[in-house]
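One structure is given below, encoded as C-alpha cells.
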Amino acid sequence: MSMDMYRVPQVLQERVMRELQPGEVVSWAGQPDPRRMMLGGFALWLFFIPWTAFSVFWIAGASGFKVPDFSQPFEFFPLFGLPFLLIGVGGLSSPFWIYRKARHMVYVVTSKRAFVMTGSRSITVESWSSSQLEKIVRTERPDGSGDLVFSTEVWRDSDGDRRTRQKGFMGIADVRMVEAHLQRLAALK
C-alpha cells in the first residue's frame, strides 16, 4: 500500500481496498482539500443572497408586513413564497454540502487505473484506464496544489444550452507528484 494511502481516513482506505481488483496495487491515494472546494461554492452566494433576501421581502410584503393568523383564505397567499425561500436557503448552504462531499471523496491511482470514489452511504466510482489518460491537463496554483483534468463531459441541458463538466482529480495538494503517477500509469498501455 502506498504511503499516501495512510493520509486517507481509515473508512475510505477500507472502501478503496474493497474496490481493488485482484493484482491491483495502489501507487497513490489522496483527497481534495475540502476548504478549497468549499470556497468555489461561495461564488453561488452572489446569486443566492439577493434571491433569499427578495424571497423574505416578498413573503413579508404579501402578508402586509405582519404575522397572519390565517383566519381568511387570502392570508395563505404569502406561503407561495416558501418554495423560493427554501431554494435560497439551500443555495446558501451549498458550500457546506460541497465541503461534506469532499470529505467523503478519495482519488486513487493504481497499477491498472485511476479512479474517484465519492459518497458516504452509497458509493460512486468513476474509473479511467491507462488508455483513457492520454491527455491530462494540469492547473497548478502557486502553492503547488491544483487540478488534473482527464476528460470533459459535454451535454445539452433541457433548454438546449451546451454544458460542460471537467472530470479528474480536483483540489489536490501536490499536483505535479500526482501527475507523475498518472503519467507512469498512462505509459502502461
* Answer yes or no: is there a residue in the stretch 115-125 that is part of a loop (DSSP other than H, G, I, E, B) and within 22 Å of L188 (Cβ to Cβ). => no
* Look at the stretch 118-140 and say how many of its residues are within 19 Å of the chain's Cα centre (by Cα), of a type outside the set (S, T, Y) and farther than 22 Å from R15 by Cα. => 3
* Count, please, the residues in the stretch 137-168 that happen to be more than 23 Å from P34 (Cβ to Cβ) and of a type outside the set (D, E, K, R). => 7
* Asked: Is the stretch 149-164 home to any residue that is among the aliphatic types (A, V, I, L, M), in a strand (DSSP E or B), surrounded by 11 or more Cβ atoms within 10 Å (Cβ to Cβ) and without any contact (Cβ under 8 Å) to a residue 60 or more places away in the chain?
  -> yes
* Asked: Within the stretch 130-141, is even one residue of a type outside the set (V, I, T), in contact (Cβ under 8 Å) with a residue 60 or more places away in the chain and not assigned by TED's automatic domain parsing to the domain that holds W51?
  -> no
* To do: Mind listing whichever residues of the stretch 61-78 are without any contact (Cβ under 8 Å) to a residue 12 or more places away in the chain and at negative phi?
  => G61, K66, V67, P68, D69, S71, Q72, P73, F74, F76
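The values are calculated or read from the model by the stated rules, or taken from the named source; none is laboratory data. As the structure is a computational prediction, the values presented were derived from the model and not from experiment. With ideal geometry, Cβ positions are generated from the backbone for all residues, glycine too; neighbour counts draw on all protein chains shown.
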